[in-house]
Amino acid sequence: ENSSSRGQAKMGVDAHRILNVNVGILGHIDSGKTSLARAMSTHFSTASLDKHPQSTLRGITLDLGFSSFMAPLPEHLSHLPYDQLQFTLVDCPGHASLIKTVLGGAQIIDMMMLVIDVNKGIQTQTAECLVVGEITTSNLLVVLNKIDMIPEDVREDKVDKMKKRLANTFKVTKFNGCEMIPVSARPGGSDTMEAGGPAAVGMDKLVAHLMGRVTEAHSRQQSGEFLFAVDHCFPIKGQGTVLTGTVLSGTCKVGDTIEIPNLKLEKKVKSMQMFKRPVQSCARGDRLGMCITQLDHNLMERGLVAAPGTVPTFNAAIVGAEKIRFFKGSVQSKMKFHVTVGHTTVMATAEFFGEVPAVGATSAATVADAERLLAGLSLEKKERVAAVAAA
């Protein structure tokens with residue numbers, strides 16, 4: 001009996017004895033992201049592995065794909081109230097024009113695997129994915145794919161050389177010193193995993209590294225109002241409309257009333273599934289399919305579902321902002337910017353205000369770091385900084 005079948009049995013008893021961790025798979029187009037997800041996964045969602053018709057036709061990933069696999073609970077998490085780990089893999093598009101789709105997925109990602117073709121190294125979208133990674137996560141694992149294309153007698157030497165080259169690149173990012181795991185997700189490049197070709201190489205080591213990176217922080221608090229990020233919507237004849245997505249906060253169960261804020265509609269939850277397995281409830285972090293009756297699927301493709309009355313619509317907001325260091329242009333008040341929240345993007349006019357950053361704050365990794373740095377300044381220093389700014 002393998003771990004995935006044991007996981008199915010346990011999920012039938014109590015779905016929340018399983019700790020779910022969402023792992024984003026990013027990288028340059030054709031680096032082997034989808035092949036990696038296919039090689040690792042045992043359960044596939046309705047939106048997995050290039051099921052988009054244009055993806056199949058063009059041979060590239062155009063939308064977020066979701067699949068999962070089970071793993072034993074690591075020893076360092078044995079004190080938590082869980083029996084198993086579930087890794088949900090979020091296969092992200094690598095093409096530059098689809099960066100908003102990737103950003104939409106980034107909000108649900110706990111850790112990131114950056115897939116790099118070991119024969120090509122850093123490519124255009126690899127760099128873009130590093131930018132997305134710097135904004136969204138501190139937990140990066142680099143996967144060097146396609147090692148089977150290097151002759152065995154020189155493989156180790158070439159992989160080591162590529163690791164050194166990449167390490168120099170990562171030095172200037174917050175991922176300095178990140179781990180790199182060599183694999184071959186689809187040896188020989190066969191069209192399907194069922195083609196009878198050789199087994200994937202390096203998967204056990206990769207899974208072990210992922211397990212080692214799961215921390216107690218991934219054991220999410222189930223408090224807060226229910227909020228569900230929907231990324232796909234489709235009808236099932238005689239059943240209703242299925243909304244698939246990821247629970248961002250709170251809990252929900254079959255029979256509860258939910259609201260679709262942008263449509264101002266309230267509906268009851270008819271049924272739920274996680275990777276095609278029926279469940280009665282869900283919690284933060286879960287990948288979920290939710291069936292709703294009497295909802296026209298054409299009204300919604302992506303968006304939010306929430307506990308009734310908890311998500312207001314608004315035309316202005318105060319937010320903490322941080323300039324991405326890779327952006328070389330000026331950022332000034334009265335300028336217009338694209339603002340993306342989840343899968344929704346709108347145009348907005350920005351008005352910047354706040355304290356003048358102290359020396360050193362410009363290199364702070366996050367807004368929180370800058371706030372801590374400012375809080376540590378004495379009143380005298382703050383006054384001096386303000387006087388310099390005024391001058």
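The values are calculated or read from the model by the stated rules, or taken from the named source; none is laboratory data. These figures come from a predicted structure and were not determined experimentally. Glycine gets a Cβ as well: all are built from the backbone with ideal geometry, and neighbour counts include every protein chain shown. Each accessible area value is taken on the protein alone, full model and side chains, heavy atoms only, with ligands, DNA and RNA left out. Shrake-Rupley method; radii C 1.70, N 1.55, O 1.52, S 1.80 Å.
Computed over protein heavy atoms with a 1.4 angstrom probe, the accessible surface ordering of Arg165, Arg302, largest first, is Arg165, Arg302.
Taking amide H positions as modeled 1.01 Å from N, with prolines and chain starts lacking one, no residue 5 or more places away or on another chain lies under 5 Å from Met300. Taking every protein chain into account, the 1.4 Å probe leaves Phe326 with about 90 Å² of accessible area, to the nearest ten. Taking amide H as placed 1.01 Å from N in the peptide plane, the amide H of Leu265 sits under 5 Å from that of Ile260, each at least 5 places away or on another chain. For region 80-87, the Karplus equation 6.51 cos²θ - 1.76 cosθ + 1.60, evaluated at θ = phi - 60°, returns couplings of 7, x, 9, 9, 8, 9, 10, 9 Hz by residue, with Gly and Pro reported as x. Only protein heavy atoms count here; under a 1.4 Å probe, Met70 has an accessible surface of about 10 Å².
Packing, taken as the mean count of other beta carbons within 10 Å per residue, orders the peptides 73-86, 125-138 from highest to lowest as 125-138, 73-86.
In this structure, the residue pairs whose Cα-Cα separation is over 20 Å, taken from Lys163/Lys323; Lys33/Lys164; Lys120/Lys205; Lys174/Lys336; Lys237/Lys268, are Lys163/Lys323; Lys33/Lys164; Lys120/Lys205; Lys174/Lys336.
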